[in-house]
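Accompanying notes for the structure given below.
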Amino acid sequence: MTFPARRLRRMRRTPALRRLVAETTVTPDDLVAPLFVREDAAEPQPIGSLPGIVQHTQESLRTEVSELAALGISGVVLFGLPARKDALGSQAWNPDGVVQVALRNLRDDHGAEVAVIADLCLDEYTDHGHCGVVTDSGDIDNDATLELYQRVALAQAAAGADMVAPSGMMDGQVGAIRQALDRNGFEGLPIMAYSAKYASAEYGPFRDAVDVTIAGGGDRKGYQQDPANAREAMAEIELDIAEGADIVMVKPALAYLDVIAAARARFDLPLAAYHVSGEYAMLKAAAANGWIDGAATAVEHLTAIKRAGAGLILTYLAREFAETLQ
Ligand code: PBG
C-alpha cells in the first residue's frame, strides 16, 4: 500500500535526491561580509560579543578581503571607527577618513572582483552616537542630516566605493544621495537602501564593534521602525524605490521573515536582508555552549532567509559559511 504522501518522502531518501529537489541553495555569491576597520588600531582587535569578528587595521582588512574574494564571497560592506568623533561626525566625509582610505586600498587590490560597499551613516562618527544632527532640544534634524549624508556619499564615491548603503533611516536620504551622486558624475553608482530597518534589540554587539554608545541611554525608536509593523515596511520600501534605490533591504532578518516575504512578493528590485550582529551572537553563544550545532544552524538560518525571498544576505557568517563549502 503506498500513500500519495510517499511521493514527497521518496525524494528525501539520499542527499543527492534531496539536492535535486532543493528549492533553495545558499552560495557565497549571495553573501556580503560586514567588516570593521579601525583608524587607531595597530593590531586587529577582537570584539567580545562577536566571536571570530575583529576591528581591522588597514592592512588586516586588505588580507581579509583577499581571502574572502578567494572564497567566492561577492561583496563586503565597510564600517569605520575613526580616531576622533565630533558632534557632526565630520570624519565620515574626510577624504582621508578611515573608510575612504580602505576603499582606495581595496579598489587597488581587487578592482571588480569583490563589490566593496560603504555603509553610509554617521553614528560611528558622532560623539553622541546618533545617526544624524542632534538639535538643542535633543531631536534629530532630518534635513540638516541629509546634507551631511550627501557629503559622505561623495567622499565614498570619490574613494572608489562600488555601492553606497545609507543606513540612517532619515526621510528622503535615498533621494538626496542620488541627487548628489548624479550631479557629481557618479550616475553609475548604485544605492543599497536599508529601507525597512527596525529599532531592534539585536544590534547590541554591533555597537560594541563600532564603539558606539547612544548619549543619555537613548535609542533609535524615533527614526527606526517599530517591530510591531509590517505594512509600514512596504511603505518605507516603496518610498526608497521611488527615490532611486537600486537594492532594498530588510533588517534584521530572522525575526522579520514575513516582511522579507511580503517585500519579495510586492517589489521586483533586488532584495537584501541583514542577518545582524545579535542574530550571529545568539547563534555563536549557543554553539559555544554545545547547545546547538553552530554550522548546521548557520546553514539553516541562511537558507531560511533566502527561502523567504532575500537574494542577498549581509552576514557575519559569510566567511565560515564559504569555508565549510570548501
Ligand atoms: C547604523 C547601523 C547599525 C547596524 C548597521 N548600520 C546600527 C544601528 O542602527 O544601531 C547594525 C548592524 C548589526 O547589528 O549587525 N550605522
Roughly what angle does helix 294-308 make with the longest principal axis of the chain, taking Cα atoms, 0 to 90 degrees, to the nearest 10?
80 degrees
What are the residues whose amide H is under 5 Å from the amide H of residue 53, where those residues sit 5 or more places off or on another chain and H is modelled from the backbone?
47
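So how much slack lies between residue 143 and residue 10, counting 0.36 nm per residue of separation and subtracting their Cα-Cα distance, in nm?
Between residue 143 and residue 10, full extension yields 41.9 nm more.
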Intensity falloff of the range 26-325 expressed as log10 I(q)/I(0), Debye formula with alpha-carbon point scatterers, at q = 0.15 Å⁻¹:
-1.22
Determine, at each q value in 0.14, 0.17, 0.27, 0.28 (inverse angstroms), the log₁₀ of I(q)/I(0) that the Debye formula gives when each Cα of the range 176-231 is one equal point scatterer.
-0.62, -0.78, -1.05, -1.09
Lys/Arg +1, Asp/Glu -1 at C-beta; the chain dipole; positive extreme among 14, 45, 94
14
Taking Cα centroids, how far is the range 112-155 from the range 160-237 in Å?
9 Å
A 21 angstrom limit on the alpha carbon distance is what I want to check against. Which of 251/306; 221/251; 85/197; 85/251 exceed it?
85/197; 85/251
For the range 8-19, in order, what is each residue's ³J(HN,Hα) by Karplus, 6.51 cos²θ - 1.76 cosθ + 1.60 with θ = phi - 60°, in whole Hz (x at glycine and Pro)?
6, 5, 4, 7, 9, 5, 10, x, 5, 4, 5, 5
Give me the net charge for the shell around residue 127: Cβ to Cβ below 13 angstrom, other residues only, Lys and Arg +1, Asp and Glu -1.
-2
Quick one: Karplus J couplings for the range 207-216, per residue in order, coefficients 6.51, -1.76, 1.60, θ = phi - 60°, nearest Hz, x for Gly and Pro?
5, 5, 4, 10, 6, 10, 10, 7, 3, x
Helix-derived mean residue ellipticity, 222 nm - over the chain, DSSP H n ≥ 4, -39500 (n - 2.57), to 500:
-12000 deg cm²/dmol
Rounded to the nearest 10 degrees, what's the angle between the helix 142-158 long axis and the longest principal axis of the chain, both from Cα atoms, 0 to 90?
80 degrees
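Restricting to bridges with both residues inside the range 1-132, how much of the DSSP beta-bridge set is antiparallel, in percent to the nearest 5?
Antiparallel bridges: around 10 percent, rounded to the nearest 5.
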Cα-based Rg then Dmax for the range 182-326, in Å, read 16.4, 54
Listed with the fewest Cβ neighbours within 10 Å leading, 181, 71, 314 appear as 71, 181, 314
By how many degrees, between 0 and 90 and to the nearest 10, does the Cα long axis of helix 173-183 differ from the longest principal axis of the chain?
70 degrees
Given the peptides 107-114, 299-306, 18-25, 285-292, arrange them by the average over their residues of other C-beta atoms within 10 Å, most packed first.
299-306, 107-114, 285-292, 18-25
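Of the DSSP beta bridges with both residues in the range 26-325, give the percent that are antiparallel, rounding to the nearest 5.
Around 10 percent of the beta bridges assigned by DSSP in the range 26-325 are antiparallel ones.
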Test item: Cα-centred dipole of the range 19-113, Lys/Arg +1 and Asp/Glu -1 on Cβ, debye:
200 debye
From the C-alpha gyration tensor of the range 1-85, square roots of 5λ in Å
45, 13, 10
If you put +1 on each Lys and Arg Cβ and -1 on each Asp and Glu Cβ, how big is the dipole of the chain around its Cα centre, in Debye rounded to 20?
1980 debye
Total charge dipole magnitude, the range 236-287, about the Cα centre, Cβ charges on Lys, Arg, Asp, Glu only, Debye to nearest 20:
340 debye
Once the dipole of the chain is set up with Lys and Arg at +1 and Asp and Glu at -1 on Cβ about the Cα centre, which of 292, 168, 80 lies farthest towards its positive end?
292
Among 32, 149, 212, whose Cα lies farthest out toward the positive end of the dipole of the range 26-325, if unit charges sit on the beta carbon of Lys, Arg (+1) and Asp, Glu (-1)?
32
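Since every read-out is calculated from the coordinates, none of them should be taken as a lab result. These numbers were taken from a predicted model, which means no experiment stands behind them. Every residue, glycine as well, gets a Cβ built from its backbone with ideal geometry; the counts of neighbours run over all protein chains shown.
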